[in-house]
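Below you'll find the structure I mean.
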Amino acid sequence: MGTHIYKINPEFRDIMPKEIIDLEENATWSDTTDKRGIKELPETKELLEEHSLCAGCPEAAALRYVLAALPKPEDTVIVNSTGCTSLMFPHIALHTVHSLFGNQNAVATGIKRVLDWRFPDIEKDVVVLAGDGATVDIGLDYTLQSFFRQENITTICFDNEVYANTGGQESGATPKGQVFKMAPTGKKFEKVKMWELAVTSGCHYSMNMTASAPKAVAKAVREAIFVARYLGPTFLNIYTPCILEIGLNANEGLREMKEQDKERFAAFKFVSPEAEELLAKLKEEGRL
Amino acid sequence: MANQGPAYYSPYPTAVYEGIITPPEGKALLLTKVVDEETAMREVARVMLTSENATIFPGPQVLYGYNEEAKKKAKLIKEMSEVLNAKMIPMYDYRPKYPKIDAEVEINPNHPNLTIWHNNIKAAIFIGVHCHYANVALKIVRCETDCYTIAMCGLSGHEDAMATLRDMHSHELEKFIKIAREVKSELKL
Ligand SMILES: Cc1ncc(C[n+]2csc(CCOP(=O)(O)OP(=O)(O)O)c2C)c(N)n1
Ligand code: SF4
Ligand SMILES: [Mg+2]
């Protein structure tokens, strides 16, 4: 697929809304720029039009960084799962697939395999983006199985340490002792270190981080997608606190993430030797 | 309704439940009747020319120039709008609009009735809308408005439209425009 599919026929230009004209003229695609990145967020047309999350929800900011960092958005399919994240997906100007809650890595597997079979000459990226409930809890089986099978997909978990969309139940990613509206006695066991499980299960690239630094998120997304494209599964665990469930105001998400940069989300980065080699080569070629 | 089995899942009284199905190849559907394509084209042209605020809703398959046929169709649809004195309102993609659509200038398959109500549209042509979304939109419009809907479909048509012209490629569109011109002069418009 090329970006020509977005070219509006001249006969209809005068009736198209401005945001669609902007998408054609002012959004970045892989054939319009070598390096997409968060630095273009203020200047170019974003691929996320609007969203319906709580005001100040860090998930929305993090998704903007992810979208800005996709190396080849026009050839990317994002698979998501039910949850707060899924409220943003209908507003993205890209191919997105909403899968049944928890099934996202199984669905992504099928999509990736079919794309490779159907378009052997085009590099297509499949990225899973789902919450911690979907990734680390109810969908853990599917997540891990896709790592075991060495599927060429990138899995991004927006870890807000809670089932947010259903009003606050604990998930595997909830820290020990945490109380939520629907987990009144407090979590009884430790937060699952999904980034470590990912390494044990065969991921070539795994990170734990917060979304406090946009550049760092964009870099991780880009690297993870390239490694998944050429080597095998990659995993990013990104803290996007649910300000609603932990009782913060709309302007307090960033501070919360910065604090957690030193705590539960202290930087963890694993890159397999093959992935190191690949990333070095891509850097040399100017693709990173 | 909900108790009448899977066919009645839809809250809308869709056409198939009334025994209306898409026309066979070479034919067209006018309300409940299968008719010759030319008969339907004449009637469609008449309805569009004589209804208040007649509008064409072009969908993504013709709005974007992704292949030669789409580019050709775009030119013909523009010509068709001039012949029919019809306004054009785009259905440019299928994302739900948040917080709300501008019903004056756009239409969305998830709430097409808003655009039709707002602009008091009494006849409309849907063209270039992918079948699954045309099905959704036409069912809602059929139930919620008194708009005479016309599906110009590249495949087998839509029973939920009041009139359906199937296999409408650029060649058939040319034929329709010719007929519409004739009807227009017969009506002395
Ligand atoms: C198969 C299935 N089971 C359960 C649900 C109910 N459900 C909807 S959203 C959600 C929680 C999502 O939590 P998470 O994945 O952490 O995303 P968040 O809302 O926190 O971003 C659940 C359990 C569902 N929609 N489908
Ligand atoms: S409930 Fe929490 S995670 Fe969901 S949109 Fe609101 S702040 Fe974000
Ligand atoms: Mg969550």
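The values are calculated or read from the model by the stated rules, or taken from the named source; none is laboratory data. Please read these numbers as outputs of a predicted model, since none were measured by experiment. Ideal geometry is used to build each Cβ from the backbone, glycine not excepted, and the neighbour counts take in all protein chains shown. Surface accessibility is based on the protein's heavy atoms, side chains included, excluding ligands, DNA and RNA. Shrake-Rupley method; radii C 1.70, N 1.55, O 1.52, S 1.80 Å.
Can you pull the one-decimal nm distance between simple spin-label points at residue B:178 and residue A:22, each 7 Å off the Cα toward Cβ?
According to this spin-label approximation, the distance is 4.5 nm.
OK, next. Are any of the pairs B:97/B:139; A:112/A:219; B:27/B:75; A:72/B:175; B:33/B:97 more than 30 Å apart by Cα-Cα distance, and if so, which?
The pairs that break the limit, which is 30 Å between Cα atoms, are A:72/B:175; B:33/B:97.
Hey, got the average number of other protein chain Cβ atoms within 10 angstrom for residues in B:97-104?
Across the residues of B:97-104, the mean count of other-chain Cβ atoms within 10 Å is 2.
Hey, got the dipole for chain A? About the Cα centre, +1 on K and R Cβ, -1 on D and E Cβ, debye to the nearest 20?
Value, rounded to 20: 600 debye.
While we're here: Read phi for every residue in segment B:110-126 and hand back ³J(HN,Hα) as whole Hz from Karplus 6.51 cos²θ - 1.76 cosθ + 1.60, θ = phi - 60°, with x for Gly and Pro.
7, 8, x, 4, 4, 5, 5, 4, 4, 9, 6, 8, 9, 8, 8, 9, 9
Looking at A:185, A:83, A:247, which one has the Cα that reaches farthest to the positive end of the dipole of the protein assembly as shown (charges on Cβ: Lys, Arg +1; Asp, Glu -1)?
A:185
Something else about it: Can you grab the distance from the C-alpha centre of segment A:137-197 to the C-alpha centre of segment B:111-162, Å, no decimals?
When both Cα centres are located, 44 Å separates them.
Per residue of segment A:76-88, in order, report the coupling 6.51 cos²θ - 1.76 cosθ + 1.60 (Karplus, θ = phi - 60°) as ³J(HN,Hα) in whole Hz, putting x for Gly and Pro.
Per-residue couplings from phi come out as 10, 10, 9, 9, 10, 10, 4, x, 4, 3, 5, 6, 8 Hz.
Can you give me the % of accessible surface on the protein assembly as shown that is carbon or sulfur? Probe 1.4 Å, all protein chains present, nothing else counted.
55 percent
Can you tell me the dipole magnitude for segment B:39-172 around its Cα centre, using point charges on the Cβ only (Lys, Arg +1; Asp, Glu -1), in Debye to the nearest 20?
That gives a dipole near 120 debye.
Rg to Rh ratio, chain B, alpha-carbon atoms and Kirkwood radius?
A ratio of 0.95.
First measure r as the distance between the Cβ atoms of residue A:185 and residue B:87, then evaluate 1/(1 + (r/R0)^6) with R0 = 51 Å and state the FRET efficiency to the nearest 0.05.
The pair residue A:185/residue B:87 has a calculated efficiency of 0.25.
Please give the calculated 222 nm ellipticity per residue for chain A, where each DSSP H segment of at least 4 residues contributes -39500 (n - 2.57) and the sum is spread over every residue; nearest 500 deg cm²/dmol?
-9500 deg cm²/dmol
Residues of B:84-92, mean number of Cβ from any other protein chain within 10 Å of their own Cβ, rounded to a whole number?
Shielding by partners across B:84-92 averages 2.
Let me ask something else about it. For residue B:169, what accessible area in Å² do you get when you roll a 1.4 Å probe over the heavy atoms of the protein chains, rounding to the nearest 10?
Near enough 80 Å² of accessible area.
Let me ask something else about it. What number, rounded to the nearest 500 deg cm²/dmol, is the helix-based mean residue ellipticity at 222 nm of chain B, given -39500 (n - 2.57) per DSSP H run of at least four residues and division by all its residues?
The helix-only estimate for chain B comes to -12000 deg cm²/dmol at 222 nm.
Counting other Cβ atoms within 10 Å of each Cβ, which GluC sites (Glu not before Pro) in segment A:106-214 have at most 13 and sit in a DSSP loop?
A:190
Computed from the mean reciprocal separation of all distinct C-alpha pairs, what Kirkwood hydrodynamic radius does the protein assembly as shown have, in Å?
After inverting the mean inverse Cα-Cα distance, the result is 24.6 Å.
Excluding residues fewer than 8 places away in the same chain, name every one of the aspartates and glutamates whose C-alpha is closer than 13 Å to that of residue A:283.
A:34, A:223
Within 10 Å of each Cβ in A:10-22, how many Cβ atoms from other chains are there, averaged over the peptide?
What the average comes to for A:10-22 is 5.
So what is the accessible area of the protein assembly as shown per residue, in Å², with the probe set to 1.4 Å?
About 43 Å² of surface per residue is accessible.
Nearest 100 Å², what total accessible surface is buried between chain B and chain A (probe 1.4 Å)?
1900 Å²
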